[in-house]
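Below you'll find the structure, written out as structure tokens, and then a few comments.
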Amino acid sequence: MSKFRTHKCNELNKQKIGDKVSLSGWINKKRDHGNLLFIDLRDNYGITQCIIDKENSNFKKLEKIQLETVIKIDGKVVERTNESINNDIETGEIEVVIKNFQVLGECKELPLPVFTDREYAEEIRLKYRFLDLRRKKIHENIILRSKVISFIRNEMNKLGFLEFQTPILTSSSPEGARDFLVPSRLNPGKFYALPQAPQQFKQLVMVSGFDKYFQIAPCFRDEDARADRSPGEFYQLDLEMSFVEQEDVFNVVEKLFVNTFKKFSKKELLFNKFPKIAFKDSMLKYGTDKPDLRNPLVIYDITETFLRDDVSFEIFKKLVKSGSKVRCIVTKNTKDKPRSFFDNIDKWAKEQGASGLAYFTIEKEKEILAKGPVGKFFSKDSLNEIMTKTEAKVGDSIFLACGKVEEVEKITALARDKIGKDLGLIDENVFAFCWIVDYPMYEIDNQTKKIKFSHNPFSMPQGDINKINFEKPLEILAYQYDIVCNGIELSSGAIRNHIPDLMYKLFDVVGYSRSDVDQKFSGMINALSYGAPPHGGIAPGIDRIIMLLANEKNIREVTMFPMNQNAQDLMMNAPSSVSENQLKELNLSIKNKK
RNA sequence: GGGGGUGUAGCUCAGUUGGUUAGAGCGAUCGCCUGUCACGCGAUAGGUCGAGGGUUCGAGUCCCUUCACUCCCGCCA
């Protein structure tokens, strides 16, 4: 028997009435009636109400004890009267009459309350994370995280995947995010980099003949944080398979997701078979490559209508002539919405940095006409054209944006979310998964105007590899895919290019010479030259999966010890200064101390 | 790097048009209370109004600068 307890705080019930028991835990709450004291004792498993009265010599001491003190109590289980049963807790039919108690861990005055559902400032939560983590919701989130990871691990094992660890200290890679660097003591002036993902290693695992690999892999990227993006580090379910095509990866991952989400959430899956949307179509219909498919709104391109002579919307017409696009969103049956509904959206769009959203409502009097600030610019025939293109009906409204393709995609994507939410079109009780496929191999870098890899440089281009037209690189598609759920990008993956010659040609397009490639990716390119199997994989983000399952909007709510937005750990005081001696050993000196 | 929001007691927040000694709830301390489960009642302590500067007879409130936290843009193959 344990020195500290005979039962956990969720275990006692009517069957145990009369038993002498010991419990250990935190004092969650006290209710002091002067001559009678209730103590809610909490541990990881639950809460048990303990009770003591003034007849007991321990009464005065317990009355004074701080909340969150860790104590052990010895006592007897007694039945509660019918009126005093508490159905909110598992042990609500009984209580423990305290005989003796012992303080196991004292508690100073609390900097933040543990027993409350109230939200409080992030800063104090992070500094006292160990207290914050005692609170119900986040405590449960972290337990959920453990269970999900354990479930995934088990599923992967069942599917024949082998779990391997790959190095944490590795080399800096020229592509992608900013690296975290670690100075090498034994190699002065040189640095390791923490892996942004075990990308090259997992491919090497395939070349090494292990066939199916996975890992709950820590990934490190020195980029700025967002609500759904931890600064610094996060976890991926990294996986890779040999002798597979895109569909084979899809089948494995889709099953895994369906099983995981059905097991850990009450929400319905909108699609058991995830729809596949080509990148190009997604950009057109949703303005983004991470569409929220819970939202029924769709974006239409009606640029051509603005070339008509009977459309007199001169601002847009002028822009269209200089290459701009007009995209629109149709809202069903909104003709009776108040003017403020439309104006709010226009105002909101301006706050997003767009020039606003024009709108009109289609009505029918003698004939079809458009009402609203820009309605007068449209003829009957032009409206009919728009109605055909967009399947809009009388009574529907149309929100219009005009601009360069990227601008118009961005604002319509945001507007689609905004209008969907405003109109209550989004079902919060479903998960809508989809695959985004057929990513382009390359894109134009907006800053440098040069061509660059749009995703992973190791992806396999689509089509006959002997007939790829390297003269038109922007037209080359890759076997590159993402999983998106409810507008959140959960994973991206690819079938890899395992053919060195092809790799050189693809890198040549972005200006890497053969020797550049040999140098920067020596491990990879060398390995691919010694008999590499065709292979591919994907890497779903664990933290975001847990976010969805826990119904949280912020990744810190599912991360045990997160850093703040400035990548500082307020509890451990990281990052911190180091001694001169440490710097000296590493051959480093700090240039500007501030 | 840029934009928005927030910053008042240990915690969560209120504080009107610039006007007396800056308030409430929770927590803390002290007292009362034997059936609560957000127990109740009474009292006490607790404040660099994030910091600095300015306007003013007078600033928590207005202006400027700055710091911290947060959300977004950039960034994240």
**Q.** Test set (1) within 25 Å of the chain's Cα centre (by Cα); (2) within 30 Å of A:Phe164 (Cβ to Cβ); (3) polar (S, T, N, Q) - A:Ser242 fails condition number
**A.** (1)
**Q.** Members of the stretch A:302-319 that are in contact with a strand residue (DSSP E or B) (Cβ under 6 Å, 6 or more places away or on another chain) and within 15 Å of A:Val405 (Cα to Cα)
**A.** A:Ile302, A:Thr303, A:Phe316, A:Leu319
Q) Just a yes or no: is a residue in the stretch A:367-377 touching a residue at least 24 places away in the same chain (Cβ under 8 Å) and under 28 Å from A:Lys280 (Cα atoms)? A) no
Q | the stretch A:127-151: number of residues that are farther than 25 Å from A:Asn573 by Cα, crowded, with 16+ Cβ neighbours inside 10 Å and out of contact with any Ser or Thr (no Cβ under 9 Å at 6 or more places or on another chain) | A | 2
Q: Considering each residue of the stretch A:449-462, count those that are in contact (Cβ under 8 Å) with a residue 40 or more places away in the chain, more than 10 Å from RNA strand B (Cβ to nearest atom) and in a loop (DSSP other than H, G, I, E, B), and give that number.
A: 2
Q | Whichever residue in the stretch A:38-55 is at pLDDT 95 or above and more than 44 Å from the chain's Cα centre (by Cα) and, among such residues, is surrounded by the most Cβ atoms within 10 Å (Cβ to Cβ) | A | A:Ile52
Q.
For the list (1) closer than 21 Å to A:Met241 by Cβ; (2) within 12 Å of RNA strand B (Cβ to nearest atom); (3) surrounded by fewer than 17 Cβ atoms within 10 Å (Cβ to Cβ), I need the number of the one condition that A:Pro534 fails.
A. (2)
Q: Exactly one condition in (1) more than 21 Å from A:Tyr286 (Cβ to Cβ); (2) surrounded by fewer than 15 Cβ atoms within 10 Å (Cβ to Cβ); (3) not hydroxyl-bearing (Ser, Thr, Tyr) is not met by A:Glu391; state its number.
A: (1)
Q: Check whether at least one residue in the stretch A:562-579 is part of a helix (DSSP H, G or I) and at negative phi, and report yes or no.
A: no
Q) Among A:Phe561, A:Phe507, which is under 21 Å from A:Ser172 (Cβ atoms), touching a residue at least 40 places away in the same chain (Cβ under 8 Å) and not β-branched (Val, Ile, Thr)? A) A:Phe507
Q. Which residue, of A:Leu131, A:Leu104, A:Leu126, A:Leu112, is within 6 Å of RNA strand B (Cβ to nearest atom), of a type outside the set (Gly, Ala, Ser) and on the phi < 0 side of the Ramachandran plot?
A. A:Leu112
**Q.** Boolean, A:Ile538 is part of a strand (DSSP E or B), within 30 Å of A:Ile143 (Cα to Cα), in contact with a Cys (Cβ under 8 Å, 6 or more places away or on another chain) and among the aliphatic types (A, V, I, L, M)
**A.** no
Q.
Just checking, does the stretch A:234-245 include any residue being in a strand (DSSP E or B) and among the β-branched types (Val, Ile, Thr)?
A. no
(Q) Suppose we keep only residues that are among the hydroxyl-bearing types (Ser, Thr, Tyr), modelled with pLDDT of 90 or more and within 24 Å of A:Ala413 (Cα to Cα) within the stretch A:343-388. Which one would you say is surrounded by the fewest Cβ atoms within 10 Å (Cβ to Cβ)? (A) A:Thr388
Q) Of all the strands (runs of 3 or more DSSP E) wholly in the stretch A:6-101, which have at least 1 residues that are closer than 25 Å to A:Phe130 by Cβ, among the small types (Gly, Ala, Ser) and more than 9 Å from RNA strand B (Cβ to nearest atom)? A) A:20-32
Q) From the residues in the stretch A:463-482 that are part of a strand (DSSP E or B) and either of a type in the set (D, E, K, R) or touching a Gly at 6+ places or on another chain (Cβ under 8 Å) (or both), which one is surrounded by the fewest Cβ atoms within 10 Å (Cβ to Cβ)? A) A:Leu477
Q: Give just the number: which of (1) of a type outside the set (A, V, I, L, M); (2) farther than 26 Å from A:Val258 by Cα; (3) surrounded by 15 or more Cβ atoms within 10 Å (Cβ to Cβ); (4) within 11 Å of RNA strand B (Cβ to nearest atom) does A:Asn446 not satisfy?
A: (3)
Q: Kindly check whether there is at least one residue in the stretch A:429-442 that is farther than 30 Å from A:Lys266 by Cα and not in a loop (DSSP other than H, G, I, E, B).
A: yes
Q. Within the set of pairs 6 or more residues apart or between chains, which connect a residue that is more than 15 Å from A:Ser491 (Cα to Cα) inside the stretch A:252-274 to a residue that is among the small types (Gly, Ala, Ser) and not in a loop (DSSP other than H, G, I, E, B) with Cβ atoms less than 9 Å apart?
A. A:Phe264/A:Ala550; A:Ser265/A:Ala550
Q. Residue check, A:Ile465 against (1) at pLDDT below 90; (2) away from RNA strand B (no atom under 15 Å from the Cβ); (3) in contact with a strand residue (DSSP E or B) (Cβ under 7 Å, 6 or more places away or on another chain), all met but one. Which one?
A. (3)
**Q.** Residue count for the stretch A:491-527, restricted to those that are farther than 30 Å from A:Arg229 by Cα, aliphatic (A, V, I, L, M) and in contact with a strand residue (DSSP E or B) (Cβ under 9 Å, 6 or more places away or on another chain)
**A.** 3
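The values are calculated or read from the model by the stated rules, or taken from the named source; none is laboratory data. In this text, all values refer to a predicted model and were calculated from it rather than measured experimentally. Virtual Cβ from ideal backbone geometry, glycine too; neighbours counted across all protein chains shown.
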